[in-house]
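Structure record follows, encoded as structure tokens.
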């Protein structure tokens, strides 16, 4: 029976405080990077605080899989680095307490965190990912907040560019408007002495009222259609009042979350397994069907023969015929026809194979992405354990606390992990590796490093002692000099 002692409480408090701090810092840094990627969907859209709060909440939940392993690595490095730097770890070992006994409460805690990370990935993450991407797609379709600047072109209205020299009590003066509704080459230009802008009652249209102005339109396209011989290059219109109704929906319309219901990011393990099984059967059936069709109808030109002809060919001894001699016996015109027919048949076969490949590509990619997501549910939990068994012994070896060296080592280790994990993911996504090989690549590489560092910390090896490496190098150099 595990009994909690004072040393366990002391170690746990030291670790948990640093873990909570580093986890919040990691979430904040990754959130800033995430916001930088999606700043175009948020800035200038007039989004309410409630929508922004939803965006931040879902984004934070989606960033937990990246933040949690990094926070564990950094917290364990700092905790045991501080203990080693203050000689507390040395005192514990001198009292006969082994390193495994010291980290025993933390192993239990990290194991619980890993289990919680699995349940989070399986139940919370699919919901947050679905809501986050639904919100992002909705924000992308949201029209920008309407605010025409003075002295510069405003392109916030689709297919229009507005230029206003001055504003006075809601009245826009000296306007210039470029209308690209019919394409850039057929743009029309309007200038007006003044104008007003107002929204319709349903906030879906923009009513632009212009006073005392002129409009110029290109008639070249219309003349080409009518085969006109007139040399008039454009149309000019003078008006005292002109009203233009423009599509400009200012309301925030949410997409339906069911649009992402069949995506791999919105499913738990049970749903992923069901999708993989069902679509794999469809893919296998389609592949077998295509293979039978190729063998039955297209292999060796069989589509040219009817069943009766095939029956008569069964009794023919193929060894008596030589393809080269048969081809050489043809006339030149017959040779050309035979070559043309063969090329045409090859092109047709190539197109058939390309079409079959395209038909198989969609279900294969679907299954591949679902298999990757299935394995990702487990890799987060294993990454938490691996990073703890890298950070804790590494901190005990280097014996440096604070935010200096531990942060540098943590960032380097996490970058290595991220590069390896991303490489494996891309290899699995492109089908060069299986999902198992791609998604477990980082764990397979980092786990031996964690075991090696744990062993070195248990035996009190001075892994980063430069003098030892220099002595080892001098021994090797002396052996080589003696051989010479």
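The values are calculated or read from the model by the stated rules, or taken from the named source; none is laboratory data. Here the structure is a predicted model, which means the values were calculated and not measured. Backbone-built Cβ (ideal geometry, glycine too); neighbour counts: all protein chains shown.
Would you please name the residue that is modelled with the lowest pLDDT, looking only at residues in the stretch 175-189 that are surrounded by 15 or more Cβ atoms within 10 Å (Cβ to Cβ) and not in a loop (DSSP other than H, G, I, E, B)? Looking at residues that are surrounded by 15 or more Cβ atoms within 10 Å (Cβ to Cβ) and not in a loop (DSSP other than H, G, I, E, B), I get 186. Taken over the stretch 428-440, the criterion of being assigned to a helix (DSSP H, G or I) and under 12 Å from residue 382 (Cα atoms) is satisfied by 439 alone.
Residue by residue through the stretch 323-349, note down the ones that are modelled with pLDDT under 75 and under 57 Å from the mean Cα position of the chain (by Cα). Selection gives 323, 324, 327. Every test in (1) at pLDDT 80 or above; (2) surrounded by 11 or more Cβ atoms within 10 Å (Cβ to Cβ) is passed by residue 238 save one, and that test is (2).
Anything in the stretch 255-270 that is surrounded by 16 or more Cβ atoms within 10 Å (Cβ to Cβ) and part of a helix (DSSP H, G or I)? List them, or say none. Within the stretch 255-270, 260, 264, 265, 266, 269 meet the criteria. Considering the conditions (1) surrounded by fewer than 20 Cβ atoms within 10 Å (Cβ to Cβ); (2) closer than 18 Å to residue 64 by Cβ, residue 381 is excluded by exactly one of them, (1). Of the residues 201, 192, which is assigned by TED's automatic domain parsing to the domain that holds residue 160, modelled with pLDDT of 70 or more and loosely packed, with under 11 Cβ neighbours inside 10 Å? Every option except 201 fails the conditions.
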